[in-house]
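Participant: Could you have a look at this structure, given as structure tokens, before my questions?
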Amino acid sequence: MKANQRRSEILSLIGNSRNPVTANFLSEKYSVSRQVIVQDIALLRAQGYGVISTNRGYVLGSGFGAERVFKCRHTLQELIEESEIIISLGGRVEDIMVNHRVYGKISARLELSTPRHAEELYRSLVSGASKPLMSVTDGYHYHTVSAENEQVLDDIESALRKRGFLIEI
């Protein structure tokens with residue numbers, strides 16, 4: 001298999017995977033060294049693809065052209081509504097971050113791009129398996145939201161403000 005074809009397949013595999021894809025998995029799948037995979041990822045990034053390295057493997061970033069951080073506050077019960085506002089207007093909730101007074105900034109990757117993703121997150125939080133990050137800061141939290149362009153982010157900001165979820169920074 002030629003290198004260009006391998007990189008194309010790697011990009012497709014990462015983009016279509018629901019979970020991060022490790023370099024070890026890719027090196028075994030394509031019968032190349034882990035270092036070759038690392039170089040392939042570097043070349044894909046240089047070509048403008050948003051491949052992100054996480055501690056669990058590679059994921060494909062949103063590919064959206066604009067990003068903004070919103071400071072929000074709401075209850076756990078309003079989590080789905082907040083997410084649906086963002087998603088329905090064309091945004092993607094990339095992460096959540098809280099600013100803890102003792103521990104500092106704590107963040108987690110969310111990658112919410114469909115209402116189903118938001119519902120799954122909500123169900124896992126209300127199951128009691130773990131508390132939401134925003135619970136340690138009385139509901140205050142930040143989201144990085146990506147979208148196709150700044151106008152979409154402006155629309156999201158306006159809708160969050162109108163609903164009372166947006167906190168002015």
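Participant: Conditions first: (1) out of contact with any strand residue (DSSP E or B) (no Cβ under 6 Å at 6 or more places or on another chain); (2) crowded, with 17+ Cβ neighbours inside 10 Å. Val98 passes all but one, so which condition is the exception?
Facilitator: With respect to (1) out of contact with any strand residue (DSSP E or B) (no Cβ under 6 Å at 6 or more places or on another chain); (2) crowded, with 17+ Cβ neighbours inside 10 Å, Val98 is out only on (1).
Participant: For residues in segment 59-76 being of a type outside the set (A, V, I, L, M, F, W, C) and modelled with pLDDT of 90 or more, which is farthest from Gly139 (Cα to Cα)?
Facilitator: Arg68
Participant: When the residues of segment 101-141 are filtered to those that are outside any strand (DSSP E or B) and among the aromatic types (Phe, Trp, Tyr), which remaining residue is nearest to the chain's Cα centre (by Cα)?
Facilitator: Tyr122
Participant: Next question. Examine segment 100-121 for a residue that is in contact with a His (Cβ under 9 Å, 6 or more places away or on another chain) and of a type in the set (D, E, K, R), and state whether such a residue exists.
Facilitator: yes
Participant: Quick check, is Arg116 of a type in the set (D, E, K, R), surrounded by 14 or more Cβ atoms within 10 Å (Cβ to Cβ), in the same structural domain as Leu153 (by TED's automatic domain parsing) and within 30 Å of Gly164 (Cα to Cα)?
Facilitator: Answer is no for this residue.
Participant: Evaluate segment 116-133: report whether one residue or more is in contact (Cβ under 8 Å) with a residue 40 or more places away in the chain and in contact with an Asp or Glu (Cβ under 8 Å, 6 or more places away or on another chain).
Facilitator: no
Participant: Counting only residues that are among the hydroxyl-bearing types (Ser, Thr, Tyr) and part of a strand (DSSP E or B), which one in segment 142-169 is modelled with the highest pLDDT?
Facilitator: Only one residue fits best here, namely Tyr142.
The values are calculated or read from the model by the stated rules, or taken from the named source; none is laboratory data. Please read all numbers here as calculations on a predicted model, not as lab measurements. Please note: Cβ atoms are built from the backbone with ideal geometry, for glycine as well, and neighbour counts cover all protein chains shown.
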